[in-house]
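Below you'll find the structure, written out as structure tokens, and then a few comments.
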Amino acid sequence: DTTVNFGGTATISSGGVASATTVSSGGVLMAEAGGIVSGTSATQGGAVSINGTADTLFILSGGQVSVASGGVTSDTLIEGFQNTTKGPIGAFEIVSGGGLAEATSVGNGGLLNLFGGSASFVTILSGGEMDVGAAAVADFVVVSGGFFNSNGGEPNAFVNISAGGTVSNLSATGATDI
């Protein structure tokens, strides 16, 4: 097991593999194109940058993951807040154009932001949110127990689709104001 924190940086080059790595407190883990990370946790301000492949990824309590063009994440959980002097900061994954997030669950405090990227098989749970930006595509999305594009009330599970964004094969369970 490896821990990266307090300003430390670890880079996984093409052909390299990192397993069971925890990134926290200002640490940075970068997977370059062809690099693989597996069983990785980003928490408490830890950051992970994916140009390669990430399998079984836990983005927790203020952890942050960015997926660049050609990067792929799969079997990901995004949830939890980090308490800071400026208030709570949620965990998030941002997927840029050409990036892909597969099999992602977004729980309380979590955000999946498709900034031109794509996602498939996404489940938005209570307190979770997905933003689908222009040119972004999300396929096979389940919104569980909350609101979908609601204009009133407190959204419990939320999906926001910007102009030019696309969501297909959407189902809402226990949602209101659809």
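The values are calculated or read from the model by the stated rules, or taken from the named source; none is laboratory data. Just so you know, these numbers come straight off a predicted model, no measurement behind them. With ideal geometry, Cβ positions are generated from the backbone for all residues, glycine too; neighbour counts draw on all protein chains shown. Note: areas computed on protein heavy atoms with side chains; ligands, DNA, RNA excluded. Shrake-Rupley method; radii C 1.70, N 1.55, O 1.52, S 1.80 Å.
Annotations
- Contact order relative to length of region 1-91, as percent, for alpha carbon pairs under 8 angstrom and 6 or more apart: 21 percent
- Solvent-accessible surface (1.4 Å probe) assigned to residue 170 amounts to roughly 70 Å².
- Beta bridge orientation in the chain: antiparallel %, DSSP, nearest 5: 5 percent
- Between 26, 164, 46, the GNM of the chain built on Cα springs shorter than 10 angstrom shows 164 fluctuating the most.
- Ranking 59, 123, 74 by how far each Cα lies toward the positive end of the dipole of the chain (charges on Cβ) leaves 59 at the top.
- Chymotrypsin sites (Phe, Trp or Tyr not before Pro) within region 1-89: DSSP coil, no more than 16 neighbouring Cβ in 10 Å: 6
- Its residue count N sets the reference 2.2 N^0.38 Å, and the alpha-carbon radius of gyration of the chain equals 0.99 times that reference.
- 14 Å beta-carbon shell around residue 64, net charge (K/R +1, D/E -1): -2
- Surface share of carbon and sulfur [accessible, 1.4 angstrom probe, percent] for the chain: 53 percent
- The chain: relative contact order as a whole-number percent, Cα under 8 Å and 6+ apart: 12 percent
- Across the protein chains, with a 1.4 Å probe defining accessible surface, the residues 2, 76 rank 2, 76 from largest area downward.
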